[in-house]
Amino acid sequence: MMKKHLLFLGPPGAGKGTQASIISKSNGYLHLSTGELLRNEVEKKTASGIQIKEIINSGKLVDDELVLKIVKQNLALSKQGWILDGYPRNISQADSLTKVLYELNQRIEKVFYLNLDEEILVNRLLNRGRTDDNENTIRTRLDIYNETTKPLIAYYKKLNILEYIDGDRDLKTISDDIKQ
Ligand code: AMP
């Protein structure tokens, strides 16, 4: 089977992590969630972990260089390919990713853009209960998403690799759609 390199893009709470996990398990891809990798750094309680924790709990984005370093360390580890979930979050990260993938001789075949109405997103996040899922932080994350992450939709549309996925359906319908 051909190796696959996929991006999951969309607002916080759209179900990227859940879907990335389902698809990567069934197809043997490496699931790389930058949020998850950063939370692992926090768990280590190193100096940089303490800084990361503060940023995550404020809802802002962690420094581009630091996230890139973590992503880079993991991209080469996959055997059957990977799903990047939560990266890139801005144009600068997308440009860095393009460069890194060129060096690794890998390319993104598809970008799945999962979307949901903002009202549903907020309710979902409030019910999820992560430490960064309080009303203030959610607002900040949605604002940052709208300002800095959303432009990536046009970025990947231009490259003809964007697939729109309606996130307002049950889990299995969505994952079947993506698998197709
Ligand atoms: P997530 O699990 O994707 O919702 O990410 C949780 C938090 O981790 C975000 O609110 C950011 O603070 C941080 N984070 C995750 N991915 C990135 C990224 N690509 N760039 C910067 N910060 C990130």
Within the range 155-166, can one find any residue that is more than 28 Å from MET2 (Cα to Cα) and either modelled with pLDDT of 95 or more or basic (Lys, Arg) (or both)?
no
For ARG139, which of the numbered conditions (1) farther than 27 Å from ALA76 by Cα; (2) under 17 Å from the mean Cα position of the chain (by Cα); (3) modelled with pLDDT of 95 or more; (4) within 15 Å of the ligand (Cβ to nearest atom) fails to hold?
(2)
Out of curiosity, is TYR102 open to solvent by 70 Å² or more (accessible area, probe 1.4 Å) and either outside any loop (DSSP other than H, G, I, E, B) or more than 17 Å from LEU61 (Cβ to Cβ) (or both)?
yes
Would you mind stating whether LEU6 is modelled with pLDDT of 95 or more and more than 10 Å from the ligand (Cβ to nearest atom)?
yes
Cβ pairs under 8 Å, 6+ apart, first in the range 122-147 and part of a helix (DSSP H, G or I) and among the β-branched types (Val, Ile, Thr), second within 12 Å of the ligand (Cβ to nearest atom) and open to solvent by 70 Å² or more (accessible area, probe 1.4 Å)
THR140/LYS60; ILE144/LYS60; ILE144/ARG89
Is the range 23-42 home to any residue that is among the β-branched types (Val, Ile, Thr) and near the ligand (Cβ under 8 Å from one of its atoms)?
yes
Would the range 58-73 turn up any residue that is of a type outside the set (Asp, Glu), over 21 Å from ASP143 (Cβ atoms), more than 10 Å from the ligand (Cβ to nearest atom) and in contact (Cβ under 8 Å) with a residue 60 or more places away in the chain?
no
Taking the condition of being open to solvent by 10 Å² or more (accessible area, probe 1.4 Å) and out of contact with any Leu (no Cβ under 6 Å at 6 or more places or on another chain), how many residues in the range 133-143 meet it?
7
Anything in the range 91-100 that is within 16 Å of PHE8 (Cβ to Cβ) and in contact (Cβ under 8 Å) with a residue 60 or more places away in the chain? List them, or say none.
ALA94
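The values are calculated or read from the model by the stated rules, or taken from the named source; none is laboratory data. Treat the numbers as computed from the prediction; the structure is a model and nothing was measured. No Cβ is skipped: glycine too gets one built from the backbone with ideal geometry, and neighbour counts run over all protein chains shown. Each accessible area value is taken on the protein alone, full model and side chains, heavy atoms only, with ligands, DNA and RNA left out. Shrake-Rupley method; radii C 1.70, N 1.55, O 1.52, S 1.80 Å.
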